[in-house]
Amino acid sequence: MYGGGNTFEHIKSNGLENEDPEKLAQFEARIERGEKIEPNDWMPQLYRKQLIRMIEQHAHSEIIGALPEGTWITRAPGFKRKLALMAKVQDEVGHAQLLYSAAETLGKSREQMIDDLINGKSKYSNIFNYPAFTWADSCFISWLVDAGAIVNQLANARGSYGPYCRALDRICAEESFHLKYGHHCVIHMATGTEKQREMMQAAINRWWPPMMHFFGPSDKISVHSEILMRWKVKMGSNDDMRNQFLDMYVPKIWELGFTIPDENLRKNEVTGRWEYTEPDWEEFKRVINGDGPCNKERLAVRRTAEERGRWVREALLAPKTEYVAPLA
Amino acid sequence: MASLRCHFYLITYMESLDPRVNRLNLSTTELTSKAPLDQLGTYEVFSQLKEDKPYFHVGPVHAPNCEMAFLFAKEQFSRRQTCTGLFVVETRNIKVSVFTEGEDTVYNYISNPGELANGNTESFELFHLKKRGKQHEYIGTIEASSAEVALSMVKSEFINDKPVYNIWIIKTSDIESSQDEDKIIWDTLPDKKFRDAIAYKAADKIKEFKERQ
Amino acid sequence: MMTNTEALKELIYKMADDQLILGHRNSEWTGFGPLLEEDIAFSSMAQDKVGQSYALYQILNDLGEGDPDTVAFMRNADQFHNSQLVELPNGEYDFSLVRHFLFDTAEAIRFQMLTNCSHEPLAQLANKIKGELRYHTMHADIWIKQLGRATEESVSKLQDSLDRLIPYAIGVFEPSPMEDQIIEDKIFEGEGKLRQQWEEAILVVKSKTPLNLPYFSLVKPV
């Protein structure tokens, strides 16, 4: 749900030297024709590696994202919200399962991926390193963070790797109510009492900077990966995705009478692009590398869940079944 | 961003805004041991959305045995939309053909039926991938002495049809399926309206709000 | 025949409160489960419980009680009618699993009995959700059998939780002060009957494992 497309590292394009040029050409032609790559097809090492990283990060984001959202389940105001939130958070965990499974078709086991999450080697969407202070924060996440994720997901669903596309199809179908539910919650706050409006505005003020980080570093400073675009692994530049999001949602925020804490935010009617204060990319780097408000907590929770659940998994392993990568 | 910082005190336990996390009593020290890799088996799941529709592959689950695989599959793959039937099969027990593309159908690579063998036959279930990137779909059951023989028996039926890009063939006896009396577990799915986008109409509210401004 | 609504309401409050509280307890595992697929399954069942309690509060509403949100979320702690079993804070997974097994087995039998309830709306609800409960008991039974036969650690953990929880589980069958009325009005066949069937059901599952259960008649309920 909180799909990145954020590849946080440089791509060594000379990794293609060792690849069979004929096979590579066939592979690229297939992608260009719009055909999907399936698990048994030949693929360059770089493709496999980058896809694993991307899908894995997406999966981690889902399971970690369940934490700030899930915290409000027991405190949700009323049955309708509670049931919807329970369903939504559960969907996130389900999406993690779908995504891990998709990544597994590329040859990395789920347990290895979870290990890498816990030991800090693999990353997840930065936005979840912040805490959900109030119910209004939960509303913001359900509406706008989900909206951001959907922008990414819809783009990636047109990517080249079959299993990832299948997972995303399913995810997008389940997500459709998340966004509507989130928007509904925010509208409720916006059209409510003075206190409700204030709470919502405060949440927007808190979450806007991380939201601007959501789509990854600005194109100006991030590594452009032509190859990933050609291989339909990355479907759009970070700025393009961010711009799409702003175009769709800033007017909706404004129409509810809320302000956004960026006085430079405006749409340039000539270029059609949104202008804004350049987000603090140093802060982004700091948080993603472990120094955010909740990083330690998030990982500690996952680590603990794994530790405390170990006896359960051991009991399930007796007698042992054989691990095999999923087929599709 | 002062308002966003959680405070980590120099006591044994991590403090959080999340009451569930506080109940876990998380240690602030790095938990050391790397858990050994525990690999549960893999099962592919197939579901039927409505009575008259074919079964489709929907994805995998990890589980220690068929029974649990079914349990997990039910929630992971049939908790939304509708469902009238579900089955699971261990991934290892699925025989997979080559992949083709474009105009090339997998049946071009299936051998022609030889002499009918005198051996015992058993039942096999056949699945086709009709488009790369989509899911395998249930086609039918074949009685044959082996999976290979089963495919050659149906080759003539499909070779001139629209291309099939991949085949899965599974021994019926390897499949763990929902029973008729289990169907009621999906009874209340359509009632859970709070999971439908359509339950969240708010255009009127926005309109009214704007008029008040 | 006029049903005594006080007795009926008493029963429904008890059931609804139990489901609401246990649903909450179980939902605390979302995101924290021992295995991804199980996390999903357990959250679904928690959702079912909260949803079922919602339906029960709606029936109460129709009988003259307040609206569900108010009744469920605005009462004071001492105004709740739930059993102690469901309140107990979560421990490790064995605790929640055993509680799930003990409670849901009773729940399924209870609603089965309620399909004959003289109060139409309750009978209808019972009919409707029996599928959900079928899955809940299927889930509990499979897990108890699996963990109850696997490793030394899992068996001993399960045994500890069983020992601890059985007295509380029996507390669920505490007869209402209006029990006779309830039985007479054919609302429900009574806690006694339920308990009997429950004990049989529990024994069937447990007999497939090396776990021990106490003689039920010797247990002092909490």
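One quarter of the surface of the convex hull around the alpha-carbon atoms of the stretch B:94-175 equals 5.2 nm², the direction-averaged projected area.
Pairs from the table (A:Lys49/A:Lys180; C:Lys130/C:Lys186; A:Lys49/B:Lys95; A:Lys82/C:Lys14; B:Lys74/C:Lys145; B:Lys201/C:Lys49) lying more than 30 angstrom apart at Cα are A:Lys49/A:Lys180.
Dipole size of chain A about its Cα centre, with +1 on Lys/Arg Cβ and -1 on Asp/Glu Cβ: approximately 780 debye, rounded to the nearest 20.
The residue among C:Asn26, C:Leu88, C:Pro121 whose Cα reaches farthest toward the positive pole of the charge dipole of the stretch C:1-128, with charges on the beta-carbon of Lys, Arg, Asp and Glu, is C:Pro121.
With R₀ fixed at 45 Å, the C-beta to C-beta distance from A:Met229 to C:Asn61 puts the FRET efficiency at about 0.20. For the protein assembly as shown, the 222 nm mean residue ellipticity estimated from helices alone, with every DSSP H stretch of n ≥ 4 adding -39500 (n - 2.57) and the total spread over all residues, rounds to -16500 deg cm²/dmol. Dipole size of the protein assembly as shown about its Cα centre, with +1 on Lys/Arg Cβ and -1 on Asp/Glu Cβ: approximately 1200 debye, rounded to the nearest 20. As a calculated quantity, the FRET efficiency between A:Thr193 and A:Arg310 at R0 = 56 Å, using C-beta atoms, amounts to about 0.70.
Its residue count N sets the reference 2.2 N^0.38 Å, and the alpha-carbon radius of gyration of the stretch C:5-211 equals 1.00 times that reference.
Relative to the Cα centre, the charge distribution of chain C, modelled as +1 at Lys and Arg Cβ and -1 at Asp and Glu Cβ, gives a dipole magnitude of about 580 debye.
With both residues required to sit in the protein assembly as shown, DSSP beta bridges show an antiparallel share near 95%. In the stretch C:126-222, the ratio of gyration radius to Kirkwood radius, Rg to Rh, stands at 1.03 when only Cα atoms are counted.
3J(HN,Hα) couplings calculated from phi for the stretch C:79-86 with the Karplus curve 6.51 cos²θ - 1.76 cosθ + 1.60 (θ = phi - 60°) are, in sequence order, 9, 7, 10, 6, 7, 5, 3, 6 Hz; Gly and Pro show x. In units of the rule-of-thumb radius 2.2 N^0.38 Å, the stretch C:150-203 shows an alpha carbon radius of gyration of 1.55. With both labels modelled 7 Å from their Cα along Cα-to-Cβ, the A:Arg33 to A:Asn289 distance reads 4.5 nm.
What average number of partner chain Cβ atoms lie no more than 10 Å from the Cβ of the residues making up C:41-50? Intermediate results must be reported in sequence, preceding the final value.
Numbers: counts 9, 3, 12, 8, 1, 3, 13, 3, 0, 6.
So the per-residue partner count for this stretch is 6.
Residues of the stretch C:171-197 falling in the label zone of C:Phe216, defined by backbone nitrogen less than 18 Å from a point 7 Å along Cα to beta-carbon, are C:171-176, C:189-197. Where does helix C:36-62 land angle-wise versus the long Cα axis of chain C, in degrees 0 to 90, nearest 10? With rounding to tens, the tilt is 10 degrees. Can you give me the angle between helix A:194-213 and the longest principal axis of chain A, using Cα atoms only, in degrees from 0 to 90, rounded to the nearest 10? So the inclination is approximately 30 degrees.
Across the options A:Pro163, A:Phe177, A:Val151, the greatest Cα extent toward the positive end of the charge dipole of the stretch A:145-191 (unit charges at beta carbon of Lys, Arg, Asp, Glu) belongs to A:Pro163. Each label was represented as a point 7 Å from its Cα along the Cα-to-Cβ direction; for C:Met113 and B:Gln213 these points are 5.9 nm apart. In this rough spin-label picture, where each label sits 7 Å from Cα along the Cβ direction, the C:Glu120-A:Arg75 distance is 4.3 nm. For a modelled paramagnetic label at C:Ser207, 7 Å from Cα along Cα-to-Cβ, the residues of the stretch C:131-174 in reach, with backbone nitrogen under 19 Å, are C:138, C:141-146, C:148-149. Computed from the C-beta positions of A:Glu19 and B:Glu103 and an R0 of 30 Å, the FRET efficiency is 0.65 to the nearest 0.05. Between the Cα long axis of helix C:152-171 and the first principal axis of chain C there is an angle of about 20°, rounded to the nearest 10.
Would you calculate the convex hull of the Cα atoms in chain A and tell me its volume per residue in Å³?
145 Å³
Under 1.5 on a/c is rounded, so check that first for the protein assembly as shown, then, if it is not, pick prolate when a/b is larger than b/c and oblate when it is not; a ≥ b ≥ c are the square roots of the alpha carbon gyration tensor eigenvalues. The shape class here is oblate. Derived scalar couplings between HN and Hα for the stretch A:94-101 equal x, 5, 4, 4, 4, 6, 4, 4 Hz in order, rounded to whole Hz, by the Karplus curve 6.51 cos²θ - 1.76 cosθ + 1.60 (θ = phi - 60°), x for Gly and Pro.
Throughout, read-outs are computed from the coordinates displayed, never taken from laboratory work. Being a predicted model, the structure only gives us computed values, none of them experimental. Here the Cβ is made from the backbone with ideal geometry for all residues, glycine too, and neighbour counts use every protein chain on show.
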